[in-house]
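**Student:** If you scroll down you'll find the structure; I have some questions about it.
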Amino acid sequence: MKRIVRQGMLALAALVFLNSTAVMAQDSEISDKDLYNFALMMQVIEQMKAEVSPAIQSLIEQQEGFDTKRYSELESAGDDEAKLRELGANDFEVQFMGLIIKEKEKRTDAIKEALNILAKSMVGVKTYKTIKSTLSVDPDLKAKYQEIVSRMAPTYEDA
């Protein structure tokens, strides 16, 4: 968890340093710089998201008497004790599922916090929302965004 937050914050610091002019006047047109900053920001967030499953997998592998198959069987119940019991979970499994769900939530909350900080400092909240909504309806902007993403350095997973 600390590693993910640290990576996100280091990336944030680097991005803010490199983009000291991130606080710009907002207009209806999306600049190339805003789109580039948005792409950088999303790359950081996607990398953080990619770290969640391996961390949960590691927790499961380290726990004696619990495996990924059993986790898959119980996952749909989350940390709802009644639903877990319906699926045949014992006391240990109910407690362990609670721990796993809390860890997932903690990591998800950290990602949301990093996204909020990055959105505010990289492009501004208004521009972030504009880009996000426009990407789904404007094929030209989407193509431009994809081109920017393809030119960026590979993510940690691809490296």
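The values are calculated or read from the model by the stated rules, or taken from the named source; none is laboratory data. Just so it is clear, the structure is predicted and the values come from calculations on it, not from any experiment. FYI the Cβ positions are ideal-geometry reconstructions off the backbone, even for glycines, and counts take in every protein chain you see. SASA here: full protein model, heavy atoms, side chains in, ligands and nucleic acids out. Shrake-Rupley method; radii C 1.70, N 1.55, O 1.52, S 1.80 Å.
**Student:** Would you mind listing the helices (runs of 4 or more DSSP H) fully within the stretch 45-159 where at least 1 residues are touching a residue at least 24 places away in the same chain (Cβ under 8 Å) and more than 30 Å from residue 30 (Cα to Cα)?
**Tutor:** Values: elements: 52-62, 68-74, 81-86, 91-118, 125-135, 139-151.
Filter on the stretch 45-159 gives 52-62, 68-74, 91-118.
**Student:** Can you give me the number of residues within the stretch 36-53 that are open to solvent by 70 Å² or more (accessible area, probe 1.4 Å), under 17 Å from the mean Cα position of the chain (by Cα) and not polar (S, T, N, Q)? Even if it seems obvious, please write down each step before you answer.
**Tutor:** First, pick out the residues of the stretch 36-53 that are open to solvent by 70 Å² or more (accessible area, probe 1.4 Å): 36, 46, 49, 53.
Now narrow it down to the ones that are under 17 Å from the mean Cα position of the chain (by Cα): 46, 49, 53.
Next, only the ones that are not polar (S, T, N, Q) stay: 46, 49.
Of the residues in that region, 2 qualify.
**Student:** Still on this model: Mind checking which residues of the stretch 81-103 are open to solvent by 60 Å² or more (accessible area, probe 1.4 Å), under 18 Å from residue 56 (Cα atoms) and in contact with a helix residue (DSSP H, G or I) (Cβ under 9 Å, 6 or more places away or on another chain)?
**Tutor:** 99
**Student:** Quick one: is residue 76 in contact with a Lys or Arg (Cβ under 8 Å, 6 or more places away or on another chain) and surrounded by fewer than 15 Cβ atoms within 10 Å (Cβ to Cβ)? Please lay out each step first, then the result.
**Tutor:** Numbers: in contact with a Lys or Arg (Cβ under 8 Å, 6 or more places away or on another chain): yes; surrounded by fewer than 15 Cβ atoms within 10 Å (Cβ to Cβ): yes.
Spelling it out, residue 76 is indeed in contact with a Lys or Arg (Cβ under 8 Å, 6 or more places away or on another chain) and surrounded by fewer than 15 Cβ atoms within 10 Å (Cβ to Cβ).
**Student:** Here is a further query. Pick out the one residue from 109, 27 that is loosely packed, with under 14 Cβ neighbours inside 10 Å, charged (D, E, K, R), at pLDDT 95 or above and under 22 Å from residue 123 (Cα atoms).
**Tutor:** Working: 27 fails: at pLDDT 95 or above.
The conditions single out 109.
**Student:** Moving on to the next point. It is to be established whether one or more residues within the stretch 54-64 are open to solvent by 20 Å² or more (accessible area, probe 1.4 Å), closer than 19 Å to residue 143 by Cβ and among the charged types (D, E, K, R).
**Tutor:** Scanning the stretch 54-64, I find no residue that is open to solvent by 20 Å² or more (accessible area, probe 1.4 Å), closer than 19 Å to residue 143 by Cβ and among the charged types (D, E, K, R), so the answer is no.
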